[in-house]
Every structure is written in C-alpha cells, then in structure tokens.
Amino acid sequence: MAQNLNLANAVAAKRLVAGLLDIVPVLLAMMIYFSATSSTFSGAGYLSTGELLAETATVSMVLTVFVLAYAVVLWGWEAGTGKTPGNLALGLRTADEDGFAPGWGKVFIRRALVWISGIVPVVGPIIMLLSNLWDPNHQRQGWHDKAAHTLVVDVNQGRNPLLTGGLFGPSAFAPGGVTAPGQPGHPDYGSGQAEWPALAQETAGGPITGVPGMNPQPSGAASAAAAGPPGPRAPMPAPAAAPPAAVPAAPPAAAPPAPEPVAPAAGGEPVGVDEDEAEYTQLRSAAVAQAVHGARLRFDDGQIMVLESTALVGRNPAAQDGEDVAELFNYADMGRSVSKTHLHLAADSSGLWVTDRNSTNGSGITGTDGIRKPLAAGQSQHAEYGETVYFGDRYFVVSPA
C-alpha cells in the first residue's frame, strides 16, 4: 500500500477530546485530594487544630507537587515529540509551522493561553480548544496555535511530519525531491519503477494563453489547433475551370461544381455554404461542444470544483499580464507545499490540460495504471477522467462534470 504523503489537519472535535483527556490525571488527583480532606475533617473531633492543619497541608502539598510534576512532564513530552496522552489516544501531533517538534517556548504559550481562558470556567477552555473552527485558513489553527505558531495534525489520516522531514518532507511526484523512484521511502519503492519517465522539453516562460490539441498540427494549422480538436474535413474546392480557349465551342462551358452541402451544427436540411464558412462553422461547433463539457475536481480535503473553461490553482493565484483566466481557485494548504500560483487548468471534453506554473514543490499526474508522471514547468499535459493530479503535497481527482 502506498504511503500517504498528505498532511491532515486535526478536526476541532478531536482537538477538544484530546485536550480534555490531557487534564484527566489532574481531575483524578483533585478527586483524591477532596476525598482525603473530607475524611480528615470528618474525623476532626479526634484531632487537635494543629494536627488538622498539618494533615491538610500535607495533602495539599502532595496534590501541588503532583500537578506541577505532571505539567512539566507533559510540557517536555509535547515540546520534544508533539505527543500528549490525548494526542496519542486520538492520533494527533503538535508541531511548529515547519512540521517539526514545537519546542518548550511554543508549547508553553499555547498551554498558558488555554489555562488563562479558564478565567471563564469550563466554557473558556472549550472555546479556546475549538477556536480553529473560526480560522479561514482551512481551520488549521486555533487562537492559541496562532499565538504560538503551532499546528495540530492528524497522523492517523495523513503523514506524520515530525518523523518524515517536516511539512516539506518526501514528495512522490516532485522531481528533485527528497526521495525518487527506486529509493527507500518513496511510495513506489519496490514497484519496479526505478526512474522518472522522460520529460518533454520545457517551453519558454510567460503567460499560458492556450493548451495544445490532442493531435499536433503543422505550423500552417496552428490557429485551427489552438481553437480545439479538428472537426470533419471541409470539402475540397473544385478544380478551376479550363481557360475559355480550351473549351469546345459546341457544348456550353459547365460551371464549377458547388461544394458538398454541409449539415448545420443544430441539425436540419443540408444547405450549400461557402468553404470558409463551412470550416468556421465546424470549428465553432467543435468549440461549443467542448465548452459544454467540463471537469469535476474532487480535492483531497473534500472540496469540489467544477471547471468549464480555465482556472489557476494556488495559495493566492494571480493571472499574469495579458493572461485570460476564467477562475482563480484559492487553495489554502496547511503544509505550505502549494505555490502561490501552482497550476493552470483548461477543461476539455475528456478531462483537462494541466500546466505547472514553475512551482516550488512540483506537480504530477497519476494515471489509471497507478504510475505517477511528473510535470515539467510550463509544459501542458492532459489528465483524463479518472486520473489524479498532484500539486505539492495535495491532489485532486478528475471526473466528468
């Protein structure tokens, strides 16, 4: 089974339960304390005032030492490994914003804020632990995490960054990544794929203004190829009539044969049209047929995007000067593996054309055969329905709209 390279954000419910589990030992100690002090006061008639105060002070000191010791152990454990009793039970880990152990200072800040929120008993800490619900950046950080610059990830649902090189750990699809096919740690290790497939020659930089057709055309047909896949061939013009001197005098000169009738795109009786008009109609019909198709993109975090024309995908995508793009899809990646403008997408009747916009962490397409093929920057590649497109540590599956 391939290793899951995605980072999974810990949902609010798991964060809350993990936080509550972390204070269970303290609650148990306090229950024991109140039980002990109740027994002491119930037998107060047999004790002098000095003895009563001494016994109460002893029990209180034991409770204080236990709580402090537990807090220090919990502090150090989370600072060095991202683990706590609650995190272990729910499969969570606390990390800094680069995916490594958070350290003592960051853990102190986030824990202190939770305790300070206890000024409003019960409700305050619960709201603090659930505060990631109000984070617009894919709910990845609560208020205490923002202040401490920490993250909470779900290692049961995704990769554990603390053990796999942080947020920018191994990538199975970015050329030049930490691991490559044939190396231990790569998801395809042992599958027999020992090297990346050969890449097409990179194109020059600049805005993406179109995508290639399915069948490359000669330079003279470049404009027709850019408009979409070619339709049925238009009738060839009839040969020119011979000069009048060459025509026998007896039979009258025949007029040049008219072009074959072309059926209109919407159906109906065939009508005779000019050849240029026929070609224009065919190309326009193909373009319209393509436009009514689209691609449905299901992202790994559950988001769905229906694309009918073109789009840019990234953390904060922006079109270049002179570039005409219909949609901008802002994908707030918690792992920061997605570039500001990562992909250019163009839908067609069987999937979409994908172009990597010189991203930092690369892109790739996994076919239905399970083989990942990296994308060269600036080089468009077609992703058919059923295939998966990776960008950074994230991905989406292409299906019909």
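Considering the conditions (1) out of contact with any helix residue (DSSP H, G or I) (no Cβ under 6 Å at 6 or more places or on another chain); (2) surrounded by 17 or more Cβ atoms within 10 Å (Cβ to Cβ), Val122 is excluded by exactly one of them, (2).
Given the structure, is Arg93 in contact with a His (Cβ under 9 Å, 6 or more places away or on another chain) and modelled with pLDDT of 90 or more? Quick ask: steps written out before the conclusion?
Working: in contact with a His (Cβ under 9 Å, 6 or more places away or on another chain): no; modelled with pLDDT of 90 or more: yes.
The answer is no for Arg93.
Looking for something at pLDDT below 80, touching a Leu at 6+ places or on another chain (Cβ under 9 Å) and in the same structural domain as Leu90 (by TED's automatic domain parsing) - is there at least one such residue anywhere in the stretch 17-28? No: zero hits.
Taken over the stretch 383-401, residues that are assigned to a strand (DSSP E or B), in contact (Cβ under 8 Å) with a residue 60 or more places away in the chain and more than 11 Å from Ala295 (Cβ to Cβ) amount to 4. Scanning the stretch 103-136 for residues that are closer than 21 Å to Asn160 by Cα and within 24 Å of the chain's Cα centre (by Cα) yields a single hit, Asn132.
The single condition among (1) crowded, with 17+ Cβ neighbours inside 10 Å; (2) under 12 Å from the mean Cα position of the chain (by Cα); (3) at pLDDT below 90 that Val313 does not satisfy is (3).
Among all positions in the stretch 387-398, there is no residue which is more than 17 Å from the chain's Cα centre (by Cα) and over 18 Å from Asp301 (Cβ atoms).
Please state which one of Ala376, Ala332 is modelled with pLDDT of 90 or more and in the same structural domain as Phe396 (by TED's automatic domain parsing).
Values: Ala332 fails: modelled with pLDDT of 90 or more.
Being modelled with pLDDT of 90 or more and in the same structural domain as Phe396 (by TED's automatic domain parsing) holds for just one of Ala376, Ala332, which is Ala376.
For (1) of a type in the set (Phe, Trp, Tyr); (2) modelled with pLDDT of 85 or more; (3) in contact with a Cys (Cβ under 8 Å, 6 or more places away or on another chain); (4) assigned by TED's automatic domain parsing to the domain that holds Asp22, each residue gets a yes or a no:
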| site | (1), (2), (3), (4) |
| --- | --- |
| Trp115 | yes, yes, no, yes |
| Val123 | no, yes, no, yes |
| Ile127 | no, yes, no, yes |
| Asn132 | no, yes, no, yes |
| Pro136 | no, no, no, yes |
| Gln139 | no, no, no, yes |
| Leu162 | no, yes, no, no |
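Restricting attention to the stretch 379-399, the residues that are among the β-branched types (Val, Ile, Thr), more than 16 Å from Ser337 (Cβ to Cβ) and crowded, with 22+ Cβ neighbours inside 10 Å total 1. Please verify whether the stretch 62-83 includes one or more residues that are farther than 22 Å from Val153 by Cβ and part of a loop (DSSP other than H, G, I, E, B). Checked the stretch 62-83: no residue is farther than 22 Å from Val153 by Cβ and part of a loop (DSSP other than H, G, I, E, B).
Being crowded, with 23+ Cβ neighbours inside 10 Å, part of a loop (DSSP other than H, G, I, E, B) and in contact (Cβ under 8 Å) with a residue 24 or more places away in the chain, is that true of even one residue in the stretch 364-378? Looking for residues that are crowded, with 23+ Cβ neighbours inside 10 Å, part of a loop (DSSP other than H, G, I, E, B) and in contact (Cβ under 8 Å) with a residue 24 or more places away in the chain, one finds none in the stretch 364-378, hence no.
The values are calculated or read from the model by the stated rules, or taken from the named source; none is laboratory data. Worth saying up front: this structure is predicted, and the values here are computed from it rather than measured. FYI the Cβ positions are ideal-geometry reconstructions off the backbone, even for glycines, and counts take in every protein chain you see.
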